[in-house]
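Engineer: First the structure, then my questions, so here it is.
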Ligand code: NAD
C-alpha cells in the first residue's frame with residue numbers, strides 16, 4: 001500500500017523503514033514532516049492509508065477530506081486514540097488502527113524516572129553541581145520505601161508502574177473501573193478515587209483520555225489530595241486541568257509535579273523551539289516552578305518501544321491490505 005506518514009521524525013523513518021524491510025518492503029511509505037490537519041490532507045493525495053501520531057488531528061474535517069481522497073485506513077503509531085473523531089470515522093467507513101501495547105515498561109520506567117528525579121531533586125542538583133554549588137539545602141527527599149503510590153488506571157502501563165513501586169517497598173493504592181486480580185494478588189489495594197487521593201504521597205495518572213477522564217484532576221480533586229503531594233502525568237495532558245494545578249503549586253497543595261504530557265502540547269512538543277518565544281503563558285508559568293519537571297512526551301521513547309510501534313504499524317497496514325481488516329482496530333461498535 002501507499003502510506004502517507006505524517007509528523008515524521010528521523011527516528012520514525014529509521015524504525016518504520018526497518019519494519020517495512022522485514023516485511024519484504026511491500027509498502028511505499030511517503031514520509032511527511034507536517035502534522036495531519038484539514039490543511040495538510042492534500043499531502044496524502046494518491047495514498048491508500050495515513051499513518052499518524054499523537055498530535056495529528058484526525059477530526060471530522062480531516063477525515064472527510066481523507067475519505068474524499070479515497071483513503072480507508074488511519075494507522076496510528078500510538079496506543080491512545082483520543083485525537084481521532086471515531087464517530088466521523090465510522091460514518092465515513094474509515095478503519096482506525098492503533099498499537100495497543102508496544103512497551104508499557106517504557107512509559108512506566110520513565111514515570112519512575114520522573115518520580116525519583118522530583119523526589120531527590122536531580123534536575124536541580126544537576127545544574128547546581130555544574131555551577132560549583134555543592135550545597136544540599138533545598139534538595140531534601142524522602143525514602144520511597146513505605147510511601148503510598150496512588151495509581152489511577154491499572155491497564156498495561158499502570159500495572160507495570162505498580163509492580164515497580166511494589167519493588168521499592170511502596171504501598172500501592174489503585175483506582176480503575178476494572179480492577180486487576182493479578183495486581184491484587186501481588187499486593188496492590190484498590191480503592192475509590194477519593195480514598196486514593198486522600199492517602200497517596202504520589203499520584204500517577206495512567207487512564208486514557210476520555211470524556212469521563214477529561215480534567216479528572218481539577219481544583220476539587222486536587223483539594224482532596226494530601227498537602228504537598230507529588231502528582232505525575234505521563235498519560236494525556238487534558239486529564240489534568242493545568243490552571244488548577246498551577247493554583248495547587250502556588251498554594252503548596254501540590255508539592256512536586258511531573259508532566260510528560262500537556263493539554264496544549266500539540267503546539268510545542270516534538271519541535272526545537274529554543275530560538276523562539278513561548279506564547280503559551282500557562283506552559284511558561286509551569287516552567288518557572290523549581291518543583292516542576294516537564295519532559296516533552298518522551299515516555300514512550302525507547303529502542304524497544306519504537307521497534308514494536310513500527311512492527312505493529314506495518315502489520316496493521318499489511319493485514320488491512322490482505323483482509324480489509326487491521327490487526328488492532330479501534331472498535332467503533334458502541335458509538336452512535
Ligand atoms: P490500557 O488500555 O492498557 O489501560 C488503561 C486503563 O485505564 C484500563 O485498565 C482502564 O480500565 C482504565 N480506565 C479507563 N477509564 C478509566 C477511568 N475513567 N478511571 C479510571 N481508570 C480508567 O492503556 P495503557 O497502555 O496502560 O496506556 C494508558 C494511557 O497512557 C494511554 O491511554 C495513553 O494515553 C498513555 N500513553 C502515554 C505515553 C507517553 O509516551 N507519555 C505512551 C503510551 C501511552
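None of the figures in this text is laboratory data; all of them are computed from the coordinates on show. Bear in mind that the values here come from a model prediction, so they are computed numbers and not experimental data. Note: ideal-geometry Cβ built from the backbone for every residue, glycine included; neighbour counts use all protein chains shown.
Engineer: Taking only the C-alpha atoms, wrap a convex hull around the range 68-125 and report its volume per residue in Å³ as a whole number.
Structural biologist: Numbers: hull volume 6.5 nm³, N = 58.
Residue-normalised Cα hull volume stands at 112 Å³.
Engineer: Considering only the chain, what is the antiparallel percent among its DSSP beta bridges, to the nearest 5?
Structural biologist: Among the beta bridges of the chain, antiparallel pairing accounts for roughly 0 percent.
Engineer: Any idea what % of Cα-Cα pairs in the range 104-294 are farther than 23 Å? Can you show the working numbers first?
Structural biologist: Details: 7581 of 18145 pairs.
Summing the P(r) tail past 23 Å for the range 104-294 gives 42 percent.
Engineer: Can I ask one more? Taking N as the number of residues in the range 1-101, what is its Cα Rg relative to 2.2 N^0.38 Å? Write out the running numbers ahead of the final one.
Structural biologist: Numbers: Rg = 12.6 Å, N = 101, 2.2 N^0.38 = 12.7 Å.
Scaled against compact globular proteins, the figure is 0.99.
Engineer: Test of understanding: ordering 170, 51 by Cβ neighbours within 10 Å, fewest first, what list do you get?
Structural biologist: Details: 170 22, 51 32.
Arranged by neighbour count, lowest to highest, 170, 51 become 170, 51.
Engineer: So, one more: What percent does the relative contact order of the range 1-87 come to when contacts are Cα pairs within less than 8 Å and at least six residues apart? Mind dumping the intermediate values first?
Structural biologist: Values: 136 pairs, mean separation 28.7, N = 87.
Averaging sequence separation for qualifying contacts and normalising by length gives 33 percent for the range 1-87.
Engineer: Something else: Can you give the log10 of the normalised intensity I(q)/I(0) at q = 0.11, 0.22, 0.23 Å⁻¹, computed with Debye over equal Cα scatterers of the range 222-336?
Structural biologist: These q points yield log10 I(q)/I(0) values of -0.55, -1.18, -1.24.
Engineer: What is the distance in Å between the Cα centroid of the range 27-84 and that of the range 249-268?
Structural biologist: 29 Å
Engineer: Okay, moving on. Could you tell me the relative contact order of the chain? Use alpha-carbon pairs under 8 Å, at least six residues apart, and round to a whole percent.
Structural biologist: Values: 614 pairs, mean separation 59.6, N = 336.
It rounds to 18 percent for the chain.
Engineer: For the chain, what value does the Rg/Rh ratio take when both radii are computed over Cα atoms and Rh is the Kirkwood radius, given to two decimals? Provide the component values of the computation, followed by the final result.
Structural biologist: Details: Rg = 21.0 Å, Rh = 21.2 Å.
For the chain, the value is 0.99.
Engineer: In percent, what relative contact order does the range 104-294 have, based on Cα pairs under 8 Å that are 6 or more apart in sequence?
Structural biologist: Working: 319 pairs, mean separation 35.5, N = 191.
So the answer I get is 19 percent.
Engineer: Which of these, 77, 90, 171, has the largest mean-square fluctuation under a Gaussian network model of the chain (Cα springs below 10 Å)?
Structural biologist: Highest fluctuation of the listed residues: 90.
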